[in-house]
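Take a look at the structure set out below.
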Amino acid sequence: MDALDQLKTKYLTGVSEAKDETALEEIRLAALGKKGEISLKMRELGQMSPEEKQTFGKALNLLKAEIDAALRDKKQALHDAALDLRLKDEWLDVTLPARPQRQGTIHPVSQVMDEVSAIFADMGFAVAEGPQVEDDWHNFDSLNIAPEHPARQEHDTFFMHRSAEDTRPPHVLRTHTSPVQIRAMQEKGAPIRVIAPGRVYRMDMDQTHAPMFHQIEGLAIGRDISMANLKWVLEEFCKAFFEVENVELRFRASHFPFTEPSAEVDIRCSWQGKQLKVGEGDDWMEILGSGMVHPKVLEAAGVDSAKWQGFAFGIGIDRLAMLKYGIPDLRAFFESDLRWLRNYGFKPQDIPTIFGGLSQ
Ligand code: PHE
């Protein structure tokens, strides 16, 4: 019995002092392996009398179970400790700000979209969306642009390829955000107040035109919404956007098939070198197209034109970004040149709000 106690002390101490799984395995083999001390003791049972066998065998089995349990517990403990160590080692504070040299920037177009959306949200406009691949009914017909209308050519439309057997109505890359007027009214009816920022496409490319560019559509329909409301909304927008006290807008009679009357809007400004100053000077710069929504457009979208009326406008976002942030060439917007993005981009944490400031 003394021998068993000794074995017990020896192996349990060994187990508790083992530093790693290899040491533990050595102890297991020494005790419980085929030629291990406990296993050899088991063999001795054969030569014992039945009484001895019973007491000694029982004690031996108990000891074996005890060492086995200690080995298992220790193995688990070593495993947990190793995991803890690894977790500590690989610990990462995800709340830390990004390292400055690795930080991406917000593209000026995204920044301006956010700024414009913040301003109109403050005036109660919700954001609406529509597809960039648009059917020609939404892009043209519903907006009172008949098939033979010159606007279809003026817009330099990209048509989607169709196989000869394909009988679905033709689709185009939307040439403006105005089809979202129709979709929003079809979905929500009147009254309605929405803006729709997004990409638009025309076959055009030079220093101030890209085949893909961005617009923001505005639409406000109510019982008695008038040109006066349009003027106020646009003035408020320009003051907020250009961050100046006063702006002067000039409404120039124009023509769009989907508005009547129609007006292009110019803003008073001056140029100092490449830098634009808004609200003063002798220059005028065109910033958007607008007008009262044509009754035919309301009807096409399922809105009763005898009851409802309102205004719409379309602003070129890239243009606004160039003007506000003094960016000379439009094409650079879409070249993904990292040096350009670092220079003209905005910090991701600075989200434009009316109360916190649009651009810091
Ligand atoms: N869709 C017109 C364009 O792309 C702009 C516009 C929108 C004009 C809404 C009037 C009303 O040129």
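The values are calculated or read from the model by the stated rules, or taken from the named source; none is laboratory data. It should be emphasised that the depicted structure is a prediction, and the values quoted were computed from it without experimental measurement. Note that we place each Cβ from the backbone using ideal geometry, even for glycine, and neighbour counts take in every protein chain shown. What goes into the accessible areas is simple: the full protein's heavy atoms, side chains included, and nothing from ligands, DNA or RNA. Shrake-Rupley method; radii C 1.70, N 1.55, O 1.52, S 1.80 Å.
For the reader, a short list of remarks on this structure follows.
- Among the residues making up the range 11-58, those that are surrounded by 15 or more Cβ atoms within 10 Å (Cβ to Cβ) and touching a Phe, Trp or Tyr at 6+ places or on another chain (Cβ under 7 Å) are I27, A31.
- Members of the range 133-167 found to be open to solvent by 90 Å² or more (accessible area, probe 1.4 Å) and in a loop (DSSP other than H, G, I, E, B), listed by number: E148, H161, A164, E165, T167
- One residue alone among V180, V200 is among the β-branched types (V, I, T) and in a strand (DSSP E or B), and that residue is V200.
- Residue in the range 168-187 that is surrounded by the fewest Cβ atoms within 10 Å (Cβ to Cβ), counting only those that are among the polar types (S, T, N, Q) and within 10 Å of the ligand (Cβ to nearest atom): T175
- Residue identified as within 56 Å of the chain's Cα centre (by Cα) and under 30 Å from I315 (Cβ atoms) among D114, D84, D93, D73: D114
- Just one of the listed residues (D93, D114) is in a loop (DSSP other than H, G, I, E, B) and out of contact with any strand residue (DSSP E or B) (no Cβ under 7 Å at 6 or more places or on another chain), namely D93.
- Subset of the range 251-295 (residues that are surrounded by fewer than 15 Cβ atoms within 10 Å (Cβ to Cβ) and within 16 Å of the ligand (Cβ to nearest atom)): R252, A253, H255, P261, E286
- Residues of the range 208-227 classified as open to solvent by 70 Å² or more (accessible area, probe 1.4 Å) and in a helix (DSSP H, G or I), total: 0
- Subset of the range 312-356 that is within 23 Å of A126 (Cα to Cα), among the β-branched types (V, I, T) and assigned to a loop (DSSP other than H, G, I, E, B) - its residue that is farthest from the ligand (Cβ to nearest atom): I351
Residues checked against (1) closer than 30 Å to E25 by Cα; (2) modelled with pLDDT under 90:
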{"position": "D80", "(1), (2)": "yes, no"}
{"position": "L83", "(1), (2)": "yes, no"}
{"position": "D89", "(1), (2)": "yes, no"}
{"position": "L92", "(1), (2)": "no, yes"}
{"position": "P100", "(1), (2)": "no, yes"}
{"position": "V112", "(1), (2)": "no, no"}
{"position": "E115", "(1), (2)": "no, no"}
{"position": "A121", "(1), (2)": "no, no"}
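- Only a single criterion out of (1) assigned by TED's automatic domain parsing to the domain that holds A321; (2) part of a helix (DSSP H, G or I); (3) of a type outside the set (F, W, Y) is not satisfied by G130, namely (2).
- When D141, D135, D156, D122 are checked against the criterion of being among the charged types (D, E, K, R) and touching a strand residue (DSSP E or B) at 6+ places or on another chain (Cβ under 8 Å), a single residue qualifies: D135.
- Restricting the range 299-323 to residues that are open to solvent by 30 Å² or more (accessible area, probe 1.4 Å) and of a type outside the set (A, V, I, L, M, F, W, C) leaves a set whose member that is modelled with the lowest pLDDT is R319.
- Within the range 249-270, no residue that is under 19 Å from L219 (Cβ atoms) and not assigned by TED's automatic domain parsing to the domain that holds G281 sits with its Cβ atom under 9 Å from a residue that is within 11 Å of the ligand (Cβ to nearest atom) and in a loop (DSSP other than H, G, I, E, B) at 6+ positions apart or across chains.
- Check on L7, open to solvent by 70 Å² or more (accessible area, probe 1.4 Å) and closer than 30 Å to A77 by Cβ: no
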